[in-house]
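Taking it in order: structure first as structure tokens, then the write-up.
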Amino acid sequence: MNNRSFRLYGDPTPSDLHFMQSSTSSFPSASSTSSTRSDAQSAPPELTQLFDGICQKSAELLRLRGRELPPEWNIADLIQAVMGDEAFLIPGHLQDTYYDVLLRGCSSWLLEDLFHFLDLINYVF
């Protein structure tokens, strides 16, 4: 057994413990300075297309709700900030988000988080 220590809350099963012990070193580290464009360019083409689709549909829904981006933000950077840098690394995450935005529109988790984030950066309480 390795000398790694971690704490699991709740009632972890033996398979949860085995997963954590065997997988903790393989989790990618987050980099807050990574560029949205470089992330998109290094992703496989289908992920880039999904991300572009998410950006286009989200921008359309924001316009329909009368919400505007601050001039220093573009939609790709805003979505990257809300989703996190790891969005391209989680299998199926972009696809799930894409279909959630298409099917649920303004009720999707992403758009709700975008609205909250815009309220925060625009100081709307």
- Task: Would you please list the contacts, defined by Cβ atoms under 6 Å and residues six or more apart or on different chains, that run from a residue in region 97-114 that is among the polar types (S, T, N, Q) to a residue that is open to solvent by 10 Å² or more (accessible area, probe 1.4 Å)?
- Result: 108/100
- Query: Here is a list of conditions, (1) open to solvent by less than 50 Å² (accessible area, probe 1.4 Å); (2) aliphatic (A, V, I, L, M); (3) not in a helix (DSSP H, G or I), and residue 76 meets all of them except one; can you say which number that is?
  - Reply: (3)
- Query: Which ones in region 79-95 are open to solvent by 80 Å² or more (accessible area, probe 1.4 Å) and over 14 Å from residue 55 (Cα atoms)?
  - Reply: 89, 90, 91
- Search result, residues across region 32-73 that are modelled with pLDDT under 85 and open to solvent by 60 Å² or more (accessible area, probe 1.4 Å): 32, 33, 37, 41, 42, 45, 46
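The values are calculated or read from the model by the stated rules, or taken from the named source; none is laboratory data. Keep in mind that this is a model prediction, so the values were computed, not measured. Cβ atoms come from the backbone with ideal geometry, glycine included; neighbour counts cover every protein chain shown. SASA here: full protein model, heavy atoms, side chains in, ligands and nucleic acids out. Shrake-Rupley method; radii C 1.70, N 1.55, O 1.52, S 1.80 Å.
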